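The values are calculated or read from the model by the stated rules, or taken from the named source; none is laboratory data. Computed from a predicted model, the values in this text were never measured in an experiment. Methodologically, a virtual Cβ is constructed for each residue, glycine included, from the backbone with ideal geometry; neighbour enumeration extends over all protein chains shown. Keep in mind that these areas ignore ligands, DNA and RNA; they rest on the heavy atoms of the full protein, side chains included. Shrake-Rupley method; radii C 1.70, N 1.55, O 1.52, S 1.80 Å.
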Amino acid sequence: MRSVWLITRKNLKLLVRTKLSALIVIFAPLLIILIIGLSFNTSSNLGLNIGVYSSTFTADVESFIATLQQEDYKVVKYEDSIEECVEDIKFGFVHTCIDLPESFKIDGNTPKEITFHLDPSKINLVYMVQETLKSKFNFKSQEISQEITGNILSKLASTKSTLNDKNSLLVVAKDSSSSLSSSSGTYSSSLSSLDLQAVTLTYNTTLISQTASAVSTAQGKVTDAKTVVTASGLSDEEKQTITLALDSAASELASAAGMVKGSGSDNLENVISSLEGQVGVLSGKINAAAGTVQSISTSLGGTSSSLSEISSTLNSVVESLTVVHAELDALPVTDAETITSPLITKIERVGREGTYLNYLFPSLLVLVVMFTSLLLGTTLVMMEKNSPAFLRNFFLPLKKATFIISTYLTNLILIIIQVVIILTVSLIFLENSLSMMPLIFIILLVGGSVFTFLGMALGYVFTSEETGVLASISLGSIMLFLSGVILPLESVSPFLREITFYNPFVITEKLIREVFIFQTNLSGMGVDFLTLISYALFLFLVILVAESLLHQHIVDRFMRSRHRLQRQKERRVKIDF
Amino acid sequence: MKLIELKEVSKRYSDKDILSNVNFCIEEGDFYGVIGRSGSGKTTLLNLITGFIRPSQGSVQYYSKVTEGPNDLTIDLHKLKKYFGFTPQHNSFYHKLTVKENLFHFGRLYDIKSSTLINNIKNLLIFTKLFDHRNKLAEHLSEGMQRRLDIACSLVHKPKLLVLDEPTADLDPILQKDILRLLQEVNKQGVTIVMASHHLESVENFCNKVAIVHKGQVYSQGLIDDIKKPFLKNNFTINLRPGDNRELLINTLRQLPINKIIDEGNQLIIYPQDIRMTVNSLLKFIEEENLYFNDMDVRKPSLNEIFEKISHNN
């Protein structure tokens, strides 16, 4: 056990005394944890850029925007079109676009639709945005739902009060109606008891009419005849004769009159007297009926007023019900689903539809290229530095840049092979991607160059291959963690996030995503692409300068180490001899 | 004709003087041996000669018929690199390349015409006896072959000056001689050689000039005989065994012009006035009188002895 401890202690001492190894082995993980810990040690979603589009920014919409702004979200308004906002998602200026209705006021049975436009390739961000904004919209939806329900309930309360009011009137009207109903029965029996049966008699009225007609006719003729006689130029004799005739006629007429006033039962007087008797009976009956009718008429006067009251009560009830109906009709939302979920959210994917592989593809691709390039860069430089032929290279009449470019070129060839393999294989899984591959290839080469130079720089700085490789992995891990691939960058503070935008991993991944998912062309991503190229050139110059400055030191160290090894070897050989 | 000249050169690492105030000159065609103890500054001296490191003080001049006047190595290093070949202590080639591939790789980087290079490589392979192994991976070669390949890599561009840092280190005596003979051949072909070694016997046998480096200074430099002159002995010794004609020998010696005889029992140390004449007379007398003794030491001091003496004195 003691020996184990002794060896362990020795190992630790050796490790700590090799400064760079100690730095990398012990402090690199600590540094990574520190950087990541500090970066993501926040519970808020800082600096989430939300694009909001609405055809009209009403007070309602503005109020919602203000709520978002209170939560530290940066809200960018788009007034022209949602497409403008969607374009900005592609370029990463905003993280999501929300297509809002003009107003959140629900004025029908159709719920209001809110559309989120999200970049599906940023899967972690999608979930974060969804979760974060969903709660906001749920709250708003609840608020609207409460408002609608409140409105309906107030209408119901008002209806209830109206119905209560009208109910007592209807009770009175009902009582009046019952009373009228019993009165009507009484009136009915009274009226049915009236004897209005006429006496049925048969009179021979022909005689009277005949007589009357004959008398009339005769009297007319007599008169006419006398007139004619008088006026005629006849002699008196003649006139006498005629007058006698006329007088005879008159006597006949008198006989007729006797017939009318005769003593038999058939004379007219008897007839009239019979008629008078009958009329008297009838008169009595009519008087009785009149009394009854009078009595009923008086009663019906009260009934009329009761009916009038009932009518006005019913009118009032009808009016109230009409108002209630109108009010209920005026309720805009009656659909239960709309009342419970007045706002529905919809998610629209920006860019082409695809599988998760499509969305993960850019990150995976850059991840592979980054680690490969970093490790290859470091390893190649280390290989050359630790190669026995390193010293001989010094005597070659070549410029330092030649060696650096050669190492870079070696790396580049290996990366090209890898990228070609990856892209070819990926074509099997990713359909219709062939047209994008040349541009992706170019971006990967530029990105790979940056990572290669970074790896080479580490190779020149560190002494042992193991330390260099560990440093490369550490650097790659830091770039990966601060890229948003594992943890969303929107969780880090704005300052740190600003820094991460300069992360070559982030830039390369962004470029690939723009090409692969949004089919952007090279001109559409000029700044990022140029930034990447600038990185590569800058790093090349840094390596060139650093190599020039460090070369003598490297050579001296190399010479010393080789010299020491040689001495040790010699000593061993001497002992063998 | 001068090829390389170090003028008042000092090299300092941190606070330590590795070399101080060195003046050193190598002429064309020299086979220069640089000797010294471990840590004396031999490798630093070679690194300065090749421009591998820059002097802290002084200058290293390179003389060439091609360039006008001497060139300061620090300034014109890039231009002068093609004139140097360097073989460090350890093998300096790519172990995973074949013999031929290594030679082609380094040759091409010197911008030599293909036809010339092919010819050079063929000759080199034959010369270094590696022709039959040309397609072997360097790591599969024996130590001697690897050393020869290393030398071949240094000669592929036909340099004017070949600098070797202990080329025979960790080789067995046979391989050491093999390599030194090869270098001698290279030297005969007109390549100036500077070789650091602590195998003093080898240096004495194969080099025409030597520089003794000790504690960061070049104590002696030049032709080996010239170096030995100050260290030549003024005496010779006769080793005796019991039964040898001791008395007769002493009497005979006393007849010769001798300043002093020291009798140490089994060894006589004789200080003659003229060592050459005395030894000749003595040998003649021994032959005439048929005398016998174990052995007589009339050697010039070896480099080893000179080196020990210098080391001891300093």
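General observations
- Partner aspartates and glutamates for B:LYS79 [C-alpha distance under 16 Å; skip if fewer than 8 residues away on the same chain]: B:GLU68, B:ASP111
- Separation in nanometres of the label points that stand 7 Å from Cα toward Cβ, at A:GLN294 and B:PHE131: 17.1
- ³J(HN,Hα), Karplus 6.51/-1.76/1.60, whole Hz, each residue of region B:119-129, x for Gly, Pro: 5, 4, 5, 4, 4, 4, 4, 5, 4, 8, 6
- Within chain B, percent of DSSP bridges classed antiparallel, to nearest 5: 65
- Which listed pairs, of A:LYS140/A:LYS160; B:LYS2/B:LYS215; B:LYS158/B:LYS309; A:LYS510/B:LYS96; B:LYS2/B:LYS113; B:LYS81/B:LYS228, have C-alpha distances above 32 Å, in listed order: B:LYS158/B:LYS309; A:LYS510/B:LYS96; B:LYS81/B:LYS228
- Between A:SER273 and B:ILE262, the modelled label-to-label distance comes to 22.5 nm, taking each label 7 Å out from Cα in the direction of the beta carbon.
- Fully extending the segment from A:GLU79 to A:ASP329 would add 86.4 nm, taking 0.36 nm per residue of separation and subtracting the current Cα-Cα distance.
- Kirkwood radius and radius of gyration were both taken over the C-alpha atoms of the protein assembly as shown, and their ratio Rg/Rh is 1.64.
- Chymotrypsin sites (Phe, Trp or Tyr not before Pro) restricted to region B:241-314 and DSSP loop, no more than 14 other C-beta within 10 Å: B:TYR292
- The accessible surface of region B:73-194, taken with every protein chain in place and a 1.4 Å probe, is 52 percent carbon and sulfur.
- Here's how it looks for B:LYS136: its modeled amide H is under 5 Å from those of B:VAL99, B:LYS100, which are all 5 or more places away or on a different chain.
- This model, with +1 at the C-beta of Lys and Arg and -1 at the C-beta of Asp and Glu, gives the protein assembly as shown a dipole about its Cα centre of some 8140 debye.
- Counting only protein chain heavy atoms and rolling a 1.4 Å probe, the accessible areas of B:MET1, B:MET145 rank, largest first, as B:MET1, B:MET145.
- The mean number of Cβ atoms from other chains found within 10 Å of a Cβ in peptide B:149-158 is 1, as a whole number.
- Exposure of A:LEU409 as accessible area (Å², to 10), given a probe of 1.4 Å and all protein chains: 90
- Set of aspartates and glutamates with alpha-carbon distance to A:LYS155 below 17 Å, sequence-local pairs under 8 removed: A:ASP107, A:GLU147, A:ASP165, A:GLU319, A:GLU327, A:ASP329, A:ASP335
- Degrees between helix B:143-155 axis and first principal axis of chain B (Cα, 0 to 90, nearest 10): 60
- Partners of B:LYS233 within straight-line reach, counting aspartates and glutamates whose Cα lies under 20 Å from its Cα and excluding those fewer than 8 residues away in the same chain: B:GLU201, B:GLU204, B:ASP225, B:ASP263, B:GLU264, B:ASP274, B:ASP295, B:ASP297, B:GLU305, B:GLU308.
- Counting Lys and Arg as +1 and Asp and Glu as -1 over every other residue whose Cβ lies under 11 Å from the Cβ of B:VAL210, the net charge comes to -2.
- Our helix-only sum for the protein assembly as shown, with -39,500 (n - 2.57) per DSSP H run of n ≥ 4 divided by its residues, gives a mean residue ellipticity at 222 nm of -20500 deg cm²/dmol.
- Inter-label distance, B:ASN23 to B:LYS2: 1.1 nm, where each label sits 7 Å from its Cα along the C-beta direction.
- Highest to lowest packing among B:50-57, A:456-463, A:293-300, B:132-139, scored as the average C-beta count within 10 Å: A:456-463, B:50-57, B:132-139, A:293-300
- Across peptide B:86-98, the average count of Cβ atoms from other chains found within 10 Å of a residue's Cβ is 5.
- Estimated at 0.36 nm per residue, the fully extended path between A:VAL228 and A:GLU319 surpasses their Cα-Cα distance by 24.3 nm.
- On a per residue basis, region B:23-157 carries 41 Å² of accessible surface, using protein heavy atoms and a 1.4 Å probe.
- Protection proxy ranking for A:150-158, B:185-193, using the average of other Cβ atoms within 10 Å per residue and placing the highest first: B:185-193, A:150-158.
- A Förster radius of 41 Å, combined with the Cβ-Cβ distance separating A:LEU522 from A:LYS399, puts the computed FRET efficiency at roughly 0.80.
- Spatial separation of Cα centroids for region B:1-59 and region A:145-178, in angstrom: 118
- Excluding ligands, DNA and RNA and using a 1.4 Å probe, chains B and A jointly bury around 2800 Å² of accessible surface, summed across both partners.
- Shielding by partners - mean other protein chain Cβ count within 10 Å, residues of A:384-391: 5
- Sorting A:535-548, B:231-244 by average packing, meaning the other beta carbons within 10 Å per residue, from highest down gives A:535-548, B:231-244.
- Amide H contacts of A:ALA389 (H built 1.01 Å from N, in plane; Pro and chain starts excluded): B:PHE93 sit under 5 Å, all sequence-distant by 5 or more or on other chains.
- For region A:438-456 versus region B:235-249, the gap between their alpha-carbon centres in whole angstrom: 87
- Measuring nothing but protein heavy atoms, the accessible surface of region A:379-468 at 1.4 Å probe radius is 74 percent carbon and sulfur.
- Within region A:81-116, GluC sites (Glu not before Pro) in DSSP loop having at most 14 other beta-carbon neighbours inside 10 Å: A:GLU102
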